[in-house]
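The values are calculated or read from the model by the stated rules, or taken from the named source; none is laboratory data. Note that the structure is a prediction, hence the values are computed from the model and not measured. Glycine also receives a Cβ, built like all others from the backbone with ideal geometry; neighbour counts cover every protein chain displayed.
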Amino acid sequence: MRSKKFPPKATFESVWALIQENARTIKAMQKEIGGISKSNGEVADSYFFNSFSTSMQFAGQEYDNISHNLIRKSKKLNLQGEYDLVLYNCTSIVIMEVKYKAHKDDVEKLMKKVETFKLLFPEYANFTVYLGLAAFHFEENTEEASIEQGVAVIKQKGKNIIINDAHLKAF
């Protein structure tokens, strides 16, 4: 009977080196995945910005201006807000959250942005505010949650976008 050869016993140093190598690999994978996620978000932002820049219409209204990745910070209020797309006309504003893949909690986050927007942009405090959630894909129950809250659902269909705003309400 032959004796089997087993690998040599692992030493602390060899195990530690393997752990460090695995940690580097995991860190590199996290960076790569983060980059893919960021790229997907940028693709969605660009697509919906370009779509609305061309039409400047929402919920049957014409808009004069559009802002993309609008950020305002107030030291006095100790408050900061970031808005993916904002459409403006003389009487109303559309605040639109853009996602590659929308989740139900994105609806709640968007709802909270109205108050912050009105505080950060007091010049628009008396304007009618409409909300929209734009995405390439909506997780289960996300569209329904948007509709229940009076938020327009915007999604891609071929070369066009579809806006479900029959339930839209002003905020």
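More than 24 Å from Tyr47 (Cα to Cα), surrounded by fewer than 17 Cβ atoms within 10 Å (Cβ to Cβ) and among the acidic types (Asp, Glu): is that true of Glu140 in this structure? No: the conditions fail for Glu140.
Tell me yes or no: at least one residue of segment 53-65 is touching a strand residue (DSSP E or B) at 6+ places or on another chain (Cβ under 9 Å), farther than 18 Å from Gln156 by Cβ, surrounded by fewer than 12 Cβ atoms within 10 Å (Cβ to Cβ) and not aliphatic (A, V, I, L, M). Taking every residue of segment 53-65 in turn, at least one turns out to be touching a strand residue (DSSP E or B) at 6+ places or on another chain (Cβ under 9 Å), farther than 18 Å from Gln156 by Cβ, surrounded by fewer than 12 Cβ atoms within 10 Å (Cβ to Cβ) and not aliphatic (A, V, I, L, M).
For segment 74-88, check the following and say yes or no: at least one residue is more than 16 Å from Phe48 (Cα to Cα) and basic (Lys, Arg). Yes, there is a match, as at least one residue in segment 74-88 is more than 16 Å from Phe48 (Cα to Cα) and basic (Lys, Arg). When segment 58-92 is filtered for residues that are among the acidic types (Asp, Glu) and touching a residue at least 24 places away in the same chain (Cβ under 8 Å), the ones remaining, listed by number, are Glu62, Asp64, Asp84.
Number of residues in segment 72-99 that are surrounded by 12 or more Cβ atoms within 10 Å (Cβ to Cβ), touching a Ser or Thr at 6+ places or on another chain (Cβ under 8 Å) and among the hydroxyl-bearing types (Ser, Thr, Tyr): the value is 3.
For segment 108-157, a tally of residues being touching a residue at least 12 places away in the same chain (Cβ under 8 Å), within 21 Å of Cys90 (Cβ to Cβ), in a helix (DSSP H, G or I) and more than 17 Å from the chain's Cα centre (by Cα) returns 2.
Comparison of Asp84, Asp105, Asp45 shows that the only residue that is within 20 Å of the chain's Cα centre (by Cα) and either more than 22 Å from Ile162 (Cα to Cα) or in a strand (DSSP E or B) (or both) is Asp84. In segment 61-72, the condition of being of a type in the set (Asp, Glu), more than 23 Å from Thr142 (Cα to Cα) and part of a strand (DSSP E or B) is met by at least one residue. The single condition from (1) at pLDDT 95 or above; (2) not in a strand (DSSP E or B) that Ser51 fails is (1).
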